[in-house]
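My structure is below; once you've seen it, I'll send some questions.
The values are calculated or read from the model by the stated rules, or taken from the named source; none is laboratory data. Note that the coordinates shown come from a computational prediction; the quantities given were computed from them, not determined experimentally. Don't worry about glycine lacking a Cβ; one is built from the backbone with ideal geometry, like all the others, and counts go over all protein chains shown. Ligands, DNA and RNA are excluded from the accessible area calculation, which covers all protein heavy atoms including side chains. Shrake-Rupley method; radii C 1.70, N 1.55, O 1.52, S 1.80 Å.
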Amino acid sequence: MIHYSDLLTPGTVLAGVTVTNKKALLNLVATVAAQTHDLDARAIVATLTERERIGSTGFGNGIAIPHGRLDGLDRIVGLFVHLQHPIDFQAIDELPVDLVFMMLSPIGAGAEHLKALANVSRRLRDPAFVAKLRGAGSPDALYALWTGDESRDAA
């Protein structure tokens, strides 16, 4: 089972972010991830952009999960963004996106990458959870939503 506290830190959960388009969003998440994990932002943008060329990671209902594999990582990392205003993401349902979970994995993390991606996707398909994310007003509240169940599970 994936622990979101292993993927996210309070500093990698952003709320009320304003960007004008998909390119600006990918640049923003790459910059934050690069600063947080001591990575190259240009390499992150290239990885995410390459994946988007295959097909949009906007899977519907205003949600996108841009992801990719990146050299220099020793574990899977994530970043969550709640956008102030939805943007076009060429999502499968053509709806604009306001919830974005970016995930980066080490080059060799085949099965782990797919399991983490499936887990994030499953969580973001839960209408009640998504409604709570959209209703949260701060990064701290969003982080608590993502990681809150873990402390109860551990008890």
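For segment 77-155, what mean projected area does the convex hull of the alpha carbons give, in nm²?
The orientation-averaged projected area of the Cα hull of segment 77-155 comes to 6.5 nm².
Can you give me the % of accessible surface on segment 54-155 that is carbon or sulfur? Probe 1.4 Å, all protein chains present, nothing else counted.
Carbon with sulfur: 54 percent of the solvent-accessible area.
For Gln35 and Arg53 in one chain, what is 0.36 nm times their gap in residues minus the Cα-Cα distance, to one decimal in nm?
Length gained between Gln35 and Arg53: 4.0 nm.
Next question, about the same structure. Between the alpha-carbon centers of segment 76-155 and segment 1-67, tell me the distance in whole angstrom.
Each part reduced to its Cα centre gives a spacing of 10 Å.
Considering every Cα-Cα pair within the chain, what fraction, in whole percent, is farther apart than 27 Å?
So the pairs more than 27 Å apart make up 14 percent of the total in the chain.
Accessible area per residue, 1.4 Å probe, Å², for the chain: what's the number?
Normalised by residue count, the accessible surface of the chain is 50 Å².
Take Lys132 and Asp93, extend 7 Å from each Cα along the Cα→Cβ direction, and tell me the distance between the two endpoints in nm.
Rounded to a tenth, the inter-label distance reads 2.0 nm.
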